[in-house]
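The values are calculated or read from the model by the stated rules, or taken from the named source; none is laboratory data. A quick note: this is a predicted structure, and the numbers were derived from the prediction, not measured. Ideal geometry is used to build each Cβ from the backbone, glycine not excepted, and the neighbour counts take in all protein chains shown. Keep in mind that these areas ignore ligands, DNA and RNA; they rest on the heavy atoms of the full protein, side chains included. Shrake-Rupley method; radii C 1.70, N 1.55, O 1.52, S 1.80 Å.
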Amino acid sequence: MPFPDVKLANRPLHFLYLCDCSGSMAASGKMQALNQAIRQSLPGMAAVARDNPEARVLVRAVSFADRAAWHIETPTPVDQLEWRDLQAGGITAMGAALQLVAAALQTPPMEVRALPPVLVLISDGQPTDDFAAGKSFDVVLLVAIVLSVLTVVIESDPVLRVRHDRLFDVLEW
């Protein structure tokens, strides 16, 4: 049953690209394909965002080669994003990229009421840095996402939501 006079809360949904820019990505047009694929995906993502006003889709990107760095540091609404092409060269500092993203997903700076983030790792090879340190991020992130999703499901019960509102806010992130 639709509720025409009800406005849904607008919650941020962070979409993060982790892009391998190592030297091997220069071969066989892989870097051009990465740039083109991201650029071509943005209009479709913007259309989905417009059709789902309860989520505010924000895009960020990390590039990694000899080191990891923000390519798009500020969370940018998908419909306002203009992709700047990445260039290939260097080794594969994937662990550093995961650590950079892990720091950004802490609350704060991540909003308390944010939806679970979407991470897209685009790589053609093996990490050449301390990937094990970055890998612990994977375990922590998976646990956090599962707990967050379970909390959202449980809080959909209106009685429980009213009774435990503050607890749900804390548990979601």
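Taking the conditions exactly as written (loosely packed, with under 14 Cβ neighbours inside 10 Å and modelled with pLDDT under 95), does Leu8 satisfy them or not? Considered against the rule, which asks whether it is loosely packed, with under 14 Cβ neighbours inside 10 Å and modelled with pLDDT under 95, Leu8 comes out as yes.
Residues in the stretch 77-102 that are closer than 26 Å to Gly23 by Cβ and open to solvent by less than 30 Å² (accessible area, probe 1.4 Å): Trp83, Leu86, Thr92, Ala93, Met94, Gly95, Ala97, Leu98, Val101, Ala102.
Looking for whichever is open to solvent by 20 Å² or more (accessible area, probe 1.4 Å) and not in a loop (DSSP other than H, G, I, E, B) here; the options are Thr107, Thr74. Which one fits?
Values: Thr107 fails: not in a loop (DSSP other than H, G, I, E, B).
One residue alone meets the criteria, Thr74.
Quick check on the stretch 119-134. Is at least one of its residues surrounded by fewer than 12 Cβ atoms within 10 Å (Cβ to Cβ) and at pLDDT below 75? Walk me through it before giving the result.
So the first thing to find is which residues in the stretch 119-134 are surrounded by fewer than 12 Cβ atoms within 10 Å (Cβ to Cβ), and the list is 126, 132.
Restricting the remaining residues to those that are at pLDDT below 75 gives 132.
Checking the stretch 119-134: at least one residue is surrounded by fewer than 12 Cβ atoms within 10 Å (Cβ to Cβ) and at pLDDT below 75.
How many residues does the stretch 77-98 contain that are part of a loop (DSSP other than H, G, I, E, B) and within 20 Å of Ala33 (Cα to Cα)? Looking only at that region, the number is 12. Annotation: Arg84 fulfils all but one of (1) closer than 30 Å to Thr128 by Cβ; (2) without any contact (Cβ under 8 Å) to a residue 12 or more places away in the chain; the unmet one is (2).
Checked against the criterion of being under 14 Å from Ile122 (Cα atoms) and open to solvent by less than 30 Å² (accessible area, probe 1.4 Å), the candidates Ala65, Ala37, Ala46 yield just one match: Ala65.
So which of Ala61, Ala46, Ala33, Ala26 is within 17 Å of Met110 (Cα to Cα) and either in a helix (DSSP H, G or I) or of a type in the set (Gly, Ala, Ser) (or both)?
That would be Ala61, the only listed residue that is within 17 Å of Met110 (Cα to Cα) and either in a helix (DSSP H, G or I) or of a type in the set (Gly, Ala, Ser) (or both).
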